[in-house]
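Nothing in this text is a laboratory measurement; each read-out follows from the coordinates by a stated rule. Note that the coordinates shown come from a computational prediction; the quantities given were computed from them, not determined experimentally. As a convention, Cβ positions derive from the backbone with ideal geometry for all residues, glycine included, and neighbour counts pool all protein chains shown.
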Amino acid sequence: MAAKIDLSGVGMTSQRTRNRLTDRLRDQGISNEGILDVMASTPRHLFVDEALAHRAYEDTALPIGYSQTLSQPYIVARMTQAILSLGRPKNVLEIGTGSGYQTVILAQLIDEVSTVERISGLLEKAISRFRLLGLSQIRYKYDDGQLGWPEKQPFDAIMVTASPRVIPQELVAQLSPGGCMVVPVGTPGNQELTLIQREENGFRTEVLEKVRFVPLLGGKR
Ligand code: SAH
C-alpha cells in the first residue's frame, strides 16, 4: 500500500492556498486526481528554507542549496503523471532526491519508492523530512545515481530529476518489461522531457515537452 503522510505537528498553510495551486495544475493539463490530491495535502513549505517558505505554494522552482533546485510543482505533477499513465507501477526508482519533495509525492502513490542522491548534505535533510512525515518505508542511498540501484532492479518506473545529455543506458537496463522511465534529456538550454517504455522487442520513446533541469553529474560529494 502506498503511504499516507502524518501531518500531526506539521504547520500547514491554508487549504485555500494549496487548492489554488492544484487548480492551476488542473488548468495546465494535470488530470490524475490521485496526484492532485496528494499535491494538495503535501506541505511543500517543509522542503525549502524557512526564508522561502512563503513562496512554497507558487508554481515555481525554488533553490535548495548546493546550486540545486526543488522542481516547479507543475513539473513534479507532469513527471508523476507520465509514469502513472502507462500502468500501475509497483516500485519506482528516483534519481536525484534533492529536497525529497518529489520522493514524498511518489511515496503516497506507489508502494515501493527508492531514491538516490549524490550530495550528502541534501540527502540528510531529505531523510529528516521523510521521518517528520512518517514515511519510514522510503529507501534511500547516497551514491552516483547514474548507476541506478542494481541490487533492487528491475523497476516498473524510473524518474530522473536531473538532466543527462543522452538517455542513460545503465538505467534503461534496470526497467522491468513494460516499465517506463521519465528523464529530461539534452544540453543546458535544450532539454526535452522524454518518456521511454520498455517493450517486448526494444523501446518506445515519446518527447513530452521542453524543460529546464540541473545537470545529472557523476560521482559523490
Ligand atoms: N527531486 C528533487 C529535485 C532536485 S534537483 C526535488 O524534488 O527536490 C536534482 C537533484 O539531482 C539534485 O539534488 C542533484 O544533486 C541530484 N543529482 C544530480 N546528479 C546526480 C547523480 N548522478 N546521482 C544522484 N543524484 C544526482
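If each residue of separation counts as 0.36 nm, what is the full-extension length gain between ARG221 and SER176 once their alpha-carbon separation is subtracted? Walk me through the numbers before you get to the answer.
Working: separation 45, 0.36 × 45 = 16.20 nm, distance 3.01 nm.
Here the answer is 13.2 nm.
If you take the charge dipole of the stretch 60-211 about its Cα centre, with +1 on Lys and Arg Cβ and -1 on Asp and Glu Cβ, which of THR194, GLY65, ILE158 is farthest toward its positive end?
Towards the positive end, the residue furthest out is GLY65.
If you build a Gaussian network model of the chain, linking Cα atoms that sit under 10 Å apart, which residue out of LEU195, LEU106, LEU208 swings the most?
Taking springs between Cα atoms under 10 Å, the residue moving most is LEU208.
Karplus couplings for the stretch 138-150 from phi (6.51 cos²θ - 1.76 cosθ + 1.60, θ = phi - 60°), rounded to Hz, Gly and Pro as x?
Values, residue by residue: 5, 9, 9, 8, 8, 6, 7, x, 4, 8, x, 9, x Hz.
Which residue, TYR101, TYR66, TYR140, has the most motion in a Gaussian network model of the chain that connects Cα atoms within less than 10 Å?
Greatest mean-square fluctuation among the candidates belongs to TYR66.
Compute the relative contact order of the chain as a whole-number percentage, counting only Cα pairs closer than 8 Å that sit 6 or more residues apart in sequence.
Relative CO of the chain lands at 17 percent.
With each run of n ≥ 4 DSSP H residues scored as -39500 (n - 2.57), what mean residue ellipticity at 222 nm is computed for the chain after dividing by its residue count and rounding to the nearest 500 deg cm²/dmol?
One gets -7500 deg cm²/dmol as the mean residue ellipticity at 222 nm.
Among all the lysines, which ones have a C-alpha under 26 Å from LYS4's C-alpha, if same-chain residues fewer than 8 places away are not counted?
Cross-link targets: LYS90, LYS125, LYS141, LYS152.
How do 199-207, 172-180 rank on mean C-beta neighbours within 10 Å, highest first? Numbers along the way, then the final one.
Details: 199-207: 9.8, 172-180: 17.6.
Sorting 199-207, 172-180 by mean packing, highest first, produces 172-180, 199-207.
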